[in-house]
Amino acid sequence: MSLVSLNDILGRAEEEGYAVGAFNCNNMEIVQAIIRAAEKERAPVIIQASQGAIRYAGLPYIVALVREAAAGAAVPVVLHLDHGTSFEQAVQCIRHGFSSIMIDGSQHPLEKNIELTRRVVEVAHAAGVSVEGELGRIGGTEDDISVSDAEAFFTDPEEANYFVKQTGVDALAISIGTAHGRYKGVPKLDFPRLEQIRRAISCPIVLHGSSGVAAEDIKKAAKLGVSKFNIDTDIREAFTGAARDYLAANPLEIDPRNVLGPAREAATAIIREKIRLFGSSNKA
């Protein structure tokens, strides 16, 4: 199956009230884990490449891995740029074969964010590629994207309406209380704000920093209109935890396949769990 865009899978998710998981990849084993989990759950899936993943593997390797995985997959697969940093990077990813782009202009004033996002939308839509924008800032740290608690602010519903109309984005990442990376305490989501944003905008809503959020809050957010949940930290913890456990039990092991195999299985298990939580099992 060839790669699809966000529009190909999020429209149905919105209509039927479930969400699709967007899982970050860093290497071959994690790409395999994402695909295996999606196929076992018969779910559409979004594979994301962050700035750190791009630096680590390089765009050609990421695209080759995901394209190969998608070609043999029995479920729809999106290759998505996570937190794109510039117009130039967005264009580069489109040229390399990404089927979806996130352009993150949330660090800019509103009008500059709109200008940057609109430019990306124009070139992406001409190539049949979907675009996710961001309004409001997500706290915490993901690779080199860092926002302190003092800087983080929630998305304003009226601004969200204006932003979507001005840019033409296909999905909007909002800030309602989640954070990137490990949580220092218990995340408290602003559900009334989510309801207001859902009523204010017409495109699918995205929630970043969904690792570590309580299952009941995820379910409630999906019911209130979130169509895409981003997961990275949970996968990293499962993957590296299994590798540590294997090496602790087998300190003389030198075959990386024996170390990374259990790590891949652990990642597959946590991704399957998230897919079921999002309600996208049997939706492929």
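The values are calculated or read from the model by the stated rules, or taken from the named source; none is laboratory data. Only a predicted model underlies this, so the values are computations on that prediction, with no experimental measurement involved. Cβ coordinates were reconstructed from backbone atoms using ideal geometry, including for glycine residues, and neighbour counts include every protein chain displayed.
At-a-glance table
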read-out: Those residues of the range 48-71 which are without any contact (Cβ under 8 Å) to a residue 12 or more places away in the chain and part of a loop (DSSP other than H, G, I, E, B), in sequence order; value: Gly58
read-out: Whichever residue in the range 1-47 is in contact with a Phe, Trp or Tyr (Cβ under 7 Å, 6 or more places away or on another chain) and either assigned to a loop (DSSP other than H, G, I, E, B) or not hydrophobic (A, V, I, L, M, F, W, C) (or both) and, among such residues, is nearest to Leu65 (Cα to Cα); value: Asn26
read-out: Cβ pairs under 6 Å, 6+ apart, first in the range 118-129 and over 10 Å from Ile101 (Cβ atoms), second among the hydroxyl-bearing types (Ser, Thr, Tyr) and not in a loop (DSSP other than H, G, I, E, B); value: Arg118/Thr167
read-out: Selection from the range 1-53 of residues that are in contact with a helix residue (DSSP H, G or I) (Cβ under 8 Å, 6 or more places away or on another chain) and hydroxyl-bearing (Ser, Thr, Tyr); value: Ser2, Tyr18
read-out: Conditions (1) modelled with pLDDT of 95 or more; (2) in a loop (DSSP other than H, G, I, E, B); (3) closer than 18 Å to Val206 by Cα: number failed by Phe98; value: (3)
read-out: Any hit, the range 127-138, residues being surrounded by fewer than 22 Cβ atoms within 10 Å (Cβ to Cβ) and touching an Asp or Glu at 6+ places or on another chain (Cβ under 8 Å); value: yes
read-out: Wholly within the range 185-284, helices (runs of 4 or more DSSP H) carrying at least 3 residues that are over 27 Å from Arg12 (Cα atoms); value: 233-249, 256-278
read-out: Positions within the range 230-247 being among the hydroxyl-bearing types (Ser, Thr, Tyr) and either surrounded by fewer than 17 Cβ atoms within 10 Å (Cβ to Cβ) or under 19 Å from the mean Cα position of the chain (by Cα) (or both), in sequence order; value: Thr233, Thr240
read-out: Test: residue in the range 108-128 that is modelled with pLDDT of 95 or more, within 28 Å of Asp156 (Cβ to Cβ) and among the small types (Gly, Ala, Ser); value: yes
read-out: Residue that is within 25 Å of Arg193 (Cα to Cα) and either touching a Cys at 6+ places or on another chain (Cβ under 9 Å) or at pLDDT below 95 (or both), where the choices are Ile145, Ile103; value: Ile145
read-out: Test: Glu88 is modelled with pLDDT under 95 and surrounded by fewer than 16 Cβ atoms within 10 Å (Cβ to Cβ); value: no
read-out: Cβ-Cβ under 9 Å pairs, at least 6 apart or on other chains, the range 30-47 side among the acidic types (Asp, Glu), far side assigned to a helix (DSSP H, G or I); value: Glu41/Ile271; Glu41/Arg272; Glu41/Ile275; Glu41/Arg276
read-out: Evaluation of Ser202 against (1) hydroxyl-bearing (Ser, Thr, Tyr); (2) surrounded by 15 or more Cβ atoms within 10 Å (Cβ to Cβ); (3) touching a residue at least 24 places away in the same chain (Cβ under 8 Å) (one fails), failing number; value: (2)
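Here is a yes/no grid of residues against (1) closer than 29 Å to Gly17 by Cβ; (2) surrounded by 15 or more Cβ atoms within 10 Å (Cβ to Cβ); (3) free of Cβ contacts under 8 Å to residues at least 60 places away in the same chain:
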{"position": "Thr178", "(1), (2), (3)": "yes, yes, yes"}
{"position": "Pro187", "(1), (2), (3)": "yes, yes, yes"}
{"position": "Glu195", "(1), (2), (3)": "yes, no, yes"}
{"position": "Lys223", "(1), (2), (3)": "yes, no, no"}
{"position": "Lys228", "(1), (2), (3)": "yes, yes, no"}
{"position": "Leu260", "(1), (2), (3)": "no, yes, no"}
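Each row is one residue, and each column tells you yes or no for (1) at pLDDT 95 or above; (2) touching a Leu at 6+ places or on another chain (Cβ under 9 Å); (3) more than 25 Å from Ser100 (Cα to Cα); (4) among the hydroxyl-bearing types (Ser, Thr, Tyr).
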residue: Tyr162; (1), (2), (3), (4): yes, yes, no, yes
residue: Lys165; (1), (2), (3), (4): yes, no, no, no
residue: Asp170; (1), (2), (3), (4): yes, yes, no, no
residue: Ala173; (1), (2), (3), (4): yes, yes, no, no
residue: Ala179; (1), (2), (3), (4): no, no, no, no
residue: Arg182; (1), (2), (3), (4): no, no, yes, no
residue: Val186; (1), (2), (3), (4): no, no, yes, no
residue: Asp190; (1), (2), (3), (4): no, no, yes, no
